[in-house]
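Remarks on the structure that follows.
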Number of protein chains: 2
Amino acid sequence: MTLKASPLAFVPFVSVDNMMRLVHHVGIAQFMADLATEIEADFARWELFDKTPRLASHSDVGVIELMPTSDGVQYAFKYVNGHPKNMQEGLQTVTAFGVLADVDTGYPKLFSEMTVLTALRTAAMSAVATKHLANPGANTMAMIGNGAQSEFQCIAQKAVNGVDTVRLYDVDPAATAKCAANLADAGLTIVRCDTPEDAIEGADIITTATADKNMQTILTDNMVGNGVHINAIGGDCPGKTELHGDIVARSSVFAEYLPQTRVEGELQQMDDDHPATELWQVITGAAKGRQSQPEITLFDGVGFAIEDFSALRYVHQKIQDTPFYIDIDLIADPDDPRDLFGMLKRAH
Amino acid sequence: MTLKASPLAFVPFVSVDNMMRLVHHVGIAQFMADLATEIEADFARWELFDKTPRLASHSDVGVIELMPTSDGVQYAFKYVNGHPKNMQEGLQTVTAFGVLADVDTGYPKLFSEMTVLTALRTAAMSAVATKHLANPGANTMAMIGNGAQSEFQCIAQKAVNGVDTVRLYDVDPAATAKCAANLADAGLTIVRCDTPEDAIEGADIITTATADKNMQTILTDNMVGNGVHINAIGGDCPGKTELHGDIVARSSVFAEYLPQTRVEGELQQMDDDHPATELWQVITGAAKGRQSQPEITLFDGVGFAIEDFSALRYVHQKIQDTPFYIDIDLIADPDDPRDLFGMLKRAH
């Protein structure tokens, strides 16, 4: 067969390999700072977006989710799974890929791996929340849970908010050792801690990113002092939380998209009308963020489709005129759009 | 960078080009007969599936939809757009791609074009409905609307139900000429008709597949005689129908998944409790199909996620040990699943 597909048939594909090349081409810290800027810009025009809680398919061992959104000009969705038991089988807990498409034609314009990209945007999102909610001068972060997300969180906080010290804790000391080794040349002061109490000592920011699919109590009420900002990242699906409810009760709670967070986040422990603010309102000035120094602020992060939209939009811009993608023949493009069958027939 | 991705990182990708090669390798008619068998088998175990209406993002000029489903062992979703105005711009009205994944791990196992595959499965679905609903011996079909779907419908009806004569009509005679030319060697008697009335003369089966996004009346009540089976395929989104409501009222109506069809199909013209039967119940014997020779049966087809699941499952089987796919590096697969950052860092 010598059929030649038209340019319209091709969609740029960014593989894992090319995503990593692109990240290093830009620089990891710069990439996350850029993502934070893009997410902040999209959150500032929040009301333009089609918003819907993700569409989840649950099984006994995990979940597969589709996360779509659109600003009326571009459309994006992400496929993402969450399978905590995968780790024991040598597989990723979370893998993801996504698509950016043109609303006017419905044609996809980017197909990309998003396992690496989600790790980057999740950290950028925490950094944006911290920027708007932590006390001024916050520069020490406790990082509780030193798994796949931990280094990204630390680097994003340095890049966006000037965090200079990270205090690492994990139930598995090998995870802490891995995290510390990976961050050795990141320009951060790294403190390896033996207990969560030790880790949060002197921390202005506490970020929790643990993976167990259970109601956990990573932090108990008496551990959290006044004035801290907490990013609770690991509690992100029904039945999976990290904080004792009393901490949530004492905090001012901020979320991405409340209809989703009340089901998936720390807020699932609270009444459906528990006070909480959507972060975009803090960014636009429509609502107040932190109102006093001693206040505890809690970003109950679960991940929302607009963050993926921002990330895919950014990657689409960045790959132009680079070698960090290949074109794949994803779209059937017959000469006469009514003649799909003729195209198939002539391919013989 | 010389990083070598592990086998787990790769997902087979079937491009448009390779899908067409695969279809010709199997044979178009055989491929559709096989798809009909797979769809019928999956409809027979309907109750095992996670079912949800598709998730649609509407704009002024079209719609982008995600259609997921799962049988608890495998998960599939399709991305599909519908942009009727695309045709005037030399683009496809409908383009699609999809993914088959493993429920146990959440890992994708097939990424495939689905523009061509959707055309094939849509025709196979009509043939399955016709097999279970048309009068015995039905062998003449009126094909109203001779666009991108028409030839597929004709060939599937021949392959599955022994239809030997097709009577073609389109408002645009050029479309009819194209359809007739494409079917010239299909082993069908082809009758080109100048009016819809002419086309349905003597037809046992009437299939409508028109593309305008409006409430159309392709068939009026007095055109439809007793005993026919109608496949109304083109009315497939809110505000888009093909039949006069009186025809729907006179017919026994069968649908794929009623919560979706009542919003998207011909049934959107009727009250929410208008009697209708899901086709899977006819296939399993749980409900009656046609009950008398003079009855008019109407398959109000809008397309449902399980048909895409069946098609992706079939393609996944068929590509094994063939050259009709390439492996793409879609999944990040670090040696230590907790060390995603280390993988990124070492890629530098």
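Stretched out fully, how many nm does the piece from B:Arg250 to B:His274 gain, at 0.36 nm a residue minus the Cα gap?
Stretched out fully, the B:Arg250 to B:His274 stretch lengthens by 7.5 nm.
Given Cα pairs under 8 Å that are at least 6 residues apart, what percent is the relative contact order of the stretch A:127-303?
In percent, rounded to a whole number, it is 23.
7 Å from Cα along Cα→Cβ at both B:Thr217 and B:Asp335: what's the point-to-point distance in nm?
Distance between the two pseudo-spin positions: 7.3 nm.
Please compute the contact order of chain B in relative form: average sequence separation of alpha-carbon pairs under 8 Å and at least six residues apart, divided by the residue count, as a percent.
Computed over chain B, the figure is 21 percent.
What are the lysines whose alpha-carbon lies under 19 Å from the alpha-carbon of B:Lys51, with same-chain residues fewer than 8 places away excluded?
Straight-distance partners of B:Lys51: B:Lys78.
Debye sum, Cα scatterers, the stretch B:181-266, no solvent: what log₁₀ I/I(0) at q = 0.14, 0.17 1/Å?
Taken in order of the listed q values, log10 I(q)/I(0) reads -0.54, -0.77.
Using a/c under 1.5 as the rounded threshold, could you call the stretch A:218-283 rounded, prolate or oblate? The axes a ≥ b ≥ c are square roots of the C-alpha gyration tensor eigenvalues, and prolate needs a/b larger than b/c, oblate otherwise.
Judged from the Cα gyration tensor, the stretch A:218-283 comes out oblate (a/c at least 1.5, b/c at or above a/b).
For chain B, what is the calculated [θ] at 222 nm in deg cm²/dmol (nearest 500), taking -39500 (n - 2.57) for each run of four or more DSSP H residues and dividing by its residue count?
Using -39500 (n - 2.57) per qualifying helix, the result is -10000 deg cm²/dmol.
Given a Förster distance of 41 angstrom, what is the FRET efficiency for B:Arg45 paired with A:His348, based on the Cβ-Cβ distance and rounded to 0.05?
In this case the efficiency is close to 0.75.
Tell me, what is a quarter of the convex hull surface for the C-alpha atoms of the protein assembly as shown, in nm² with one decimal?
Result: 29.4 nm².
What residues have an amide H closer than 5 Å to that of A:Val103, excluding those fewer than 5 places away on the same chain, when H is modeled at 1.01 Å from N in the peptide plane?
Amide H neighbours of A:Val103: A:Gln74, A:Tyr75.
Taking each label point as 7 Å beyond Cα in the direction of the beta carbon, state the distances from A:Arg45 to the same residue in the other copies, shortest first, in nm.
Distances to the matching label points in the other copies: 4.7 nm.
Just to compare against my own numbers: the Cα pair-distance distribution for chain B, 10 Å bins, whole % per bin, please.
In order of increasing distance, the bins hold 5, 25, 33, 22, 8, 4, 2, 0 percent.
What FRET efficiency do you get for B:Val61 and B:Ala287 if R0 is 45 Å and r is their Cβ-Cβ distance, rounded to the nearest 0.05?
The formula returns an efficiency of 0.70 here.
A:Thr241's amide H: which non-local residues (gap 5+, or another chain) put their own amide H closer than 5 Å, with H modeled 1.01 Å from N in plane and none for Pro or chain starts?
Amide H to amide H, under 5 Å and 5 or more residues apart or across chains, A:Thr241 pairs with A:Asn214, A:Met215, A:Gln216.
Could you calculate the contour length gain from A:Asn135 to A:Glu89, that is, 0.36 nm times the residue separation minus the distance between their Cα atoms, to one decimal place in nm?
Result for the pair: 12.4 nm of gain on full extension.
In vacuum, with every alpha carbon of the stretch B:136-303 counted as one equal point scatterer, what does the Debye formula give for log10 I(q)/I(0) at q = 0.09, 0.15, 0.18, 0.19 Å⁻¹? Two decimals, please.
-0.27, -0.78, -1.13, -1.25
Order of A:120-130, A:326-336 by packing, highest average Cβ count within 10 Å first?
A:120-130, A:326-336
Which pairs, out of A:Lys158/A:Lys178; A:Lys109/A:Lys318; A:Lys85/B:Lys318; B:Lys158/B:Lys288, put more than 22 Å between their alpha-carbon atoms?
Listed pairs above 22 Å: A:Lys85/B:Lys318; B:Lys158/B:Lys288.
As a test, work out the antiparallel percent of DSSP beta bridges whose residues both lie in the stretch B:136-303, rounded to the nearest 5.
5 percent
Where both partners of a DSSP beta bridge lie in the protein assembly as shown, what percent of those bridges are antiparallel, to the nearest 5?
Counting DSSP beta bridges with both partners in the protein assembly as shown, the antiparallel share is about 50 percent.
For B:Met343, A:Met67, what ranking results if the residue with the fewest other Cβ atoms within 10 Å of its Cβ goes first?
Ranked by crowding around the Cβ, least crowded first: B:Met343, A:Met67.
Please report the antiparallel percentage of DSSP beta bridges with both residues in chain A, rounded to the nearest 5.
The antiparallel proportion sits near 50 percent.
Can you tell me, using C-alpha contacts under 8 Å and at least 6 residues apart, the relative contact order of the stretch B:232-348 as a whole percent?
Reported relative contact order: 27 percent.
None of the figures in this text is laboratory data; all of them are computed from the coordinates on show. Here the structure is a predicted model, which is why all the values come from computation and not from measurement. No Cβ is skipped: glycine too gets one built from the backbone with ideal geometry, and neighbour counts run over all protein chains shown.
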